Amino acid sequence: MTPSSTVAADTELYRADFEAFAAGRSGAEPSWLQRQREEAMERFQERGFPTTAEEDWRFTNVAPIARTAFRRATGAGLGPVRAEAPQGGPEIVFVDGRYSPAQSSAPDEGGVEVRSLAEALAKEPARLAEQLGRLVADLNTAFLDDGAVIFVPAGLVVKEPLHVRFFSTATAERPMVTHPRTLVVAGRNSQAQIVEIYGGAAGAAYFTNAVTEIVLEDGAVVDHYRLQRESEAAYHAALTAVVQGRASRFKSHSFALGARLARHDLRQLFAAEGGECELLGLFAVAGEQHTDTHTLIDHAHPHCTSRELYKGILDGKARGVFVGRIVVREGASKTDAHQTNKNLLLSREALVDSLPQLEILASDVKCKHGSTTGQLDPTALFYLRSRGISEAAARSLLVSAFAGDVVGRVGVPALRAALERDLRERLPGLRDREIQEAVL
């Protein structure tokens, strides 16, 4: 097949789904959204899925996603699904891409708005026009349907974390695709914690194609937690875009544990002076999982500070990719940017590609980046063994300490406990009782 015919074959199913989807919404949504949908679908048909010939995708082959006949989730089987107990605080739950009011709870703080995107589009479409048109995320925009919308009014300090949970009921015999969109707008001098969690039934085959937009107005403070714990037969592609106003502070905690193949792009922009940004991340994969993280910190204005720490733990034949880019634009003096990536390989067949990138177009800045990849320290192993700790427990202690530098900074206790449990369950050797007692 020629490249053009390959693109057509890869996108034909999505075009057919789009025609049925758009026809069902004709006349029920604003013209600006209909126009955005059609333009996004046309771009997707023209470009198709990314290939390894593209620089940003040369380490990640998404052909398995393109070849699978995922059907758009319709929500027809929507029912009460509780994958786990609530993690404390209000939450808005989506099952197969659709809002589940029976499983959701409203925040107690007056003024904060937490609602479904479908409801917001039906009642206040003009309010969302500018935000939803900001990003180029073709497949997600074409099928934009539901998701979470959070507005934090100016000056409000939200005491409890706001949870957004997405769960798929797909099975191996019934692969589905969802395109959730999350929008967070933090008003001037407001403060909030947002927790996003993605998951599905064990062994289920599905594709989550998610987009999250976070806007911090001047002086706002947002802590954003993202836990990707999809089925290990699933696929996950996500874009998180953050725009920071003057003197705002943003902290991201990103954890990638699940999915057969996962890709997360995190793009952050300092849109005014005096902002602070901290990106923390951990990916822990085993077997034949593949995880890819691309980050971009854009210092477009002076007097901004960024810190970035990403860690990877890989076992079995797992493959990890980290590409972290920091751009200091012309005129962005007094920039202070540090980036670190550290990776731990637990097997000889595990592999990671780490590419820290630094582009400086301004003077009078402080910038540095670094990357390390290696195995467990034999000296540390020997020390623990000499203290009567078994080899398995000693290895797990060191792995836990490596991950603890990121997990320990999670400020939501229930989420931190869930992460520690997930790491014990997903990484071989961390399930034994003796090991758990040593680690905990």
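Sequence-distant or interchain residues sharing an amide H contact under 5 Å with Ser168, placed H: which?
Asp96, Gly199, Gly200, Ala201
What's the percent breakdown of Cα-Cα distances in region 180-316 across 5 Å bins, shortest bin first?
P(r) over region 180-316, rounded to whole percents: 2, 10, 21, 21, 18, 12, 8, 5, 2, 0.
Looking at region 212-272, I'd like the Rg to Rh ratio, where Rg is from alpha-carbon atoms and Rh is Kirkwood's inverse mean 1/r.
Working: Rg = 13.6 Å, Rh = 12.5 Å.
With Rg and the Kirkwood Rh in hand, the quotient comes to 1.08.
Of all GluC sites (Glu not before Pro) in region 157-227, which ones are in loop regions per DSSP and have a Cβ with at most 12 other Cβ atoms within 10 Å?
Details: sites: Glu173, Glu196, Glu213, Glu217; in loops: Glu173, Glu217.
Qualifying residues, ordered by number: Glu173.
Among Thr379, Phe322, Asn343, which residue has its Cα furthest toward the positive end of the charge dipole of region 304-402, with +1 on Lys/Arg Cβ and -1 on Asp/Glu Cβ?
Final value for the positive-end residue is Thr379.
Starting from the Cα gyration tensor of the chain, take the square roots of the eigenvalues, sort them a ≥ b ≥ c, and report rounded, prolate or oblate (rounded when a/c is under 1.5, otherwise prolate if a/b is larger than b/c, else oblate).
Values: a/c = 1.40, a/b = 1.23, b/c = 1.14.
Note, shape of the chain comes out rounded.
Over region 101-217, what is the relative contact order in whole percent, taking alpha-carbon pairs under 8 Å and six or more residues apart? Walk me through the numbers before you get to the answer.
Values: 213 pairs, mean separation 33.6, N = 117.
Relative contact order comes out at 29 percent.
With a bin width of 10 angstrom, please list the P(r) values of region 286-332 as percents of all Cα-Cα pairs, from the 0 bin to the one holding the largest distance.
23, 37, 22, 14, 4
Please state the shape class of region 26-75: rounded when a/c is under 1.5, otherwise prolate if a/b exceeds b/c and oblate if not, all from the C-alpha gyration tensor.
On the way: a/c = 3.60, a/b = 1.76, b/c = 2.04.
Oblate, since a/c reaches 1.5 and b/c is not below a/b.
Charges on Cβ only, +1 for Lys and Arg, -1 for Asp and Glu, centred on the Cα centroid of the chain; of Ile92, Pro64, Gly370, which one is farthest towards the dipole's positive end?
It is Gly370.
Could you check how much of the accessible area of region 202-314 is carbon and sulfur, as a whole percent, using a 1.4 Å probe?
Numbers: 1220 of 2640 Å².
The computed percentage sits at 46.
For region 260-383, report the % of Cα-Cα distances exceeding 25 Å.
Working: 2452 of 7626 pairs.
So the pairs more than 25 Å apart make up 32 percent of the total in region 260-383.
With r as the distance between the Cβ atoms of Ala401 and Lys159 and R0 = 45 Å, compute the FRET efficiency 1/(1 + (r/R0)^6) and round to 0.05.
Computed FRET efficiency for Lys159 and Ala401 comes out at 0.90.
List the lysines whose alpha-carbon lies under 28 Å from that of Lys159, not counting same-chain residues fewer than 8 positions away?
Lys123, Lys251
Just how large is the dipole of the chain about the Cα centre, in debye to the nearest 20, putting +1 at every Lys and Arg Cβ and -1 at every Asp and Glu Cβ?
On the way: 50 positive and 57 negative charges, 142 e Å.
Computed charge dipole of the chain: roughly 680 debye.
Which of Val114, Pro30, Tyr225 sits closest to the plus end of the dipole of the chain, meaning its Cα is farthest towards the positive end, when Lys and Arg get +1 and Asp and Glu get -1 on the C-beta?
Of the listed residues, the answer is Tyr225.
Assign one of three labels to region 137-183, namely rounded, prolate or oblate, based on the Cα gyration tensor with a ≥ b ≥ c the square roots of its eigenvalues; rounded applies when a/c is under 1.5, prolate when it is not and a/b is larger than b/c, and oblate otherwise. Don't jump to the answer; show the numbers that get you there.
Values: a/c = 5.50, a/b = 1.88, b/c = 2.92.
Since a/c reaches 1.5 but b/c is at least a/b, the shape of region 137-183 is classed as oblate.
Note the count of lysine pairs whose C-alpha atoms are less than 19 angstrom apart in region 296-440, limited to pairs 8 or more residues apart or on different chains.
Values: Lys311/Lys342; Lys311/Lys368; Lys317/Lys342; Lys334/Lys366; Lys334/Lys368; Lys342/Lys368.
Lysine pair count for region 296-440: 6.
Explain nothing, just the number: dipole magnitude of region 103-251 about its Cα centre with +1 on each Lys and Arg Cβ and -1 on each Asp and Glu Cβ, in debye rounded to the nearest 20.
Numbers: 14 positive and 18 negative charges, 53 e Å.
Charge dipole of region 103-251: 260 debye, to the nearest 20.
Per the Kirkwood formula on distinct C-alpha pairs, the Rh of region 168-215 is how many angstrom?
On the way: mean 1/r = 0.0780 Å⁻¹.
For region 168-215, inverting the mean 1/r across all distinct Cα pairs yields 12.8 Å.
Taking the solvent-accessible surface of protein heavy atoms with a 1.4 Å probe, what is the per residue accessible area of the chain in Å²?
Details: 18450 Å² over 440 residues.
Averaged over the residues of the chain, the accessible area is 42 Å².
Ratio of Rg to Rh for region 299-440, alpha carbon only, Kirkwood? Mind showing how you got there, number by number?
Details: Rg = 18.5 Å, Rh = 17.2 Å.
Radius of gyration relative to Kirkwood radius: 1.08.
The values are calculated or read from the model by the stated rules, or taken from the named source; none is laboratory data. Model, not experiment: these values are computed from the prediction. Ideal geometry is used to build each Cβ from the backbone, glycine not excepted, and the neighbour counts take in all protein chains shown. Calculation scope for accessible area: heavy atoms of the full protein, side chains included, ligands and nucleic acids excluded. Shrake-Rupley method; radii C 1.70, N 1.55, O 1.52, S 1.80 Å.
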